[in-house]
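Remarks on the structure that follows.
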Amino acid sequence: MSTLISNGLVAFVKRACPTCSMIEPQLREAAAARRDFQVVTQDDAAFPSGVANLIDDRELDHSYVNRIEATPTLIRYESGKEVERVMGWDRAAWQRLTGIAGIGAALPPLVPG
């Protein structure tokens with residue numbers, strides 16, 4: 001099992017999730033803007049495309065350990081400990097956590113996972 005980053009943001013996603021597919025461009029944007037952004041994909045090792053720091057979690061090991069109940073879920077870690085979690089697409093929370101003011105500006109403000 002690959003190691004998750006201990007300081008930064010980890011997004012848990014899957015291709016079969018309509019909300020995850022909707023935010024695929026935002027996942028690429030966050031991955032390009034932040035070195036401490038990692039994506040864990042549950043059902044397709046190539047999703048989302050264009051993201052370098054991608055972890056294949058088709059066995060759901062990381063998802064189980066991190067108690068992922070819905071995708072997308074964005075978790076902020078500090079010193080290996082979870083300090084904040086957002087389930088679904090919440091534009092204001094994603095903007096705050098990623099530090100990218102305009103991320104998802106054209107998307108609805110809230111979409112459940």
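The values are calculated or read from the model by the stated rules, or taken from the named source; none is laboratory data. The structure displayed is predicted, hence computed values, not measured ones. Quick reminder, even Gly has a Cβ in these numbers, built from the backbone with ideal geometry, and neighbours come from all protein chains shown. Ligands, DNA and RNA are excluded from the accessible area calculation, which covers all protein heavy atoms including side chains. Shrake-Rupley method; radii C 1.70, N 1.55, O 1.52, S 1.80 Å.
Exactly one condition in (1) in contact with a Leu (Cβ under 9 Å, 6 or more places away or on another chain); (2) of a type outside the set (A, V, I, L, M, F, W, C); (3) not in a loop (DSSP other than H, G, I, E, B) is false for Pro48; which is it?
All conditions pass for Pro48, except number (3).
Residues of region 60-77 being more than 13 Å from the chain's Cα centre (by Cα) and touching a residue at least 40 places away in the same chain (Cβ under 8 Å), which ones?
Asp61
Restricted to region 36-47, and to residues that are touching a residue at least 12 places away in the same chain (Cβ under 8 Å) and farther than 20 Å from Arg85 by Cβ, which residue is least open to solvent (accessible area, probe 1.4 Å)? Spell out how you get there, then give the answer.
Quick first cut of region 36-47, residues touching a residue at least 12 places away in the same chain (Cβ under 8 Å) only: 36-45, 47.
Then drop every residue that is not farther than 20 Å from Arg85 by Cβ, which leaves 43-45, 47.
Values: Asp43: 63, Asp44: 42, Ala45: 47, Phe47: 0 Å².
Per the stated criteria, the residue is Phe47.
State yes or no: is Glu29 surrounded by fewer than 12 Cβ atoms within 10 Å (Cβ to Cβ), charged (D, E, K, R) and out of contact with any helix residue (DSSP H, G or I) (no Cβ under 6 Å at 6 or more places or on another chain)?
Details: surrounded by fewer than 12 Cβ atoms within 10 Å (Cβ to Cβ): no; charged (D, E, K, R): yes; out of contact with any helix residue (DSSP H, G or I) (no Cβ under 6 Å at 6 or more places or on another chain): yes.
Answer is no for this residue.
Which of the residues that make up region 51-65 are part of a loop (DSSP other than H, G, I, E, B) and open to solvent by 10 Å² or more (accessible area, probe 1.4 Å)? Quick ask: steps written out before the conclusion?
Step one: of region 51-65, the residues part of a loop (DSSP other than H, G, I, E, B) are 51-53, 57-60.
Passing the criteria: Val51, Ala52, Asn53, Arg58, Glu59, Leu60.
Is one or more of the residues making up region 7-20 in contact (Cβ under 8 Å) with a residue 12 or more places away in the chain, surrounded by fewer than 19 Cβ atoms within 10 Å (Cβ to Cβ) and assigned to a strand (DSSP E or B)?
yes
With in contact (Cβ under 8 Å) with a residue 40 or more places away in the chain, out of contact with any helix residue (DSSP H, G or I) (no Cβ under 8 Å at 6 or more places or on another chain) and not polar (S, T, N, Q) as the only criterion, which of Gly88, Gly80, Gly104 stands out?
Values: Gly88 fails: out of contact with any helix residue (DSSP H, G or I) (no Cβ under 8 Å at 6 or more places or on another chain); Gly104 fails: out of contact with any helix residue (DSSP H, G or I) (no Cβ under 8 Å at 6 or more places or on another chain).
None of the others qualify; the one that does is Gly80.
Residues being surrounded by fewer than 16 Cβ atoms within 10 Å (Cβ to Cβ) and modelled with pLDDT of 95 or more: count how many of those fall in region 66-80.
Step one: list which residues in region 66-80 are surrounded by fewer than 16 Cβ atoms within 10 Å (Cβ to Cβ), which gives 67, 69-70, 78-80.
Of the ones still in play, those that are also modelled with pLDDT of 95 or more are 67, 69-70, 78-79.
Total meeting the criteria: 5.
So which residues in region 88-108 are open to solvent by less than 30 Å² (accessible area, probe 1.4 Å) and assigned to a strand (DSSP E or B), if there are any at all?
The answer is Trp89, and nothing else.
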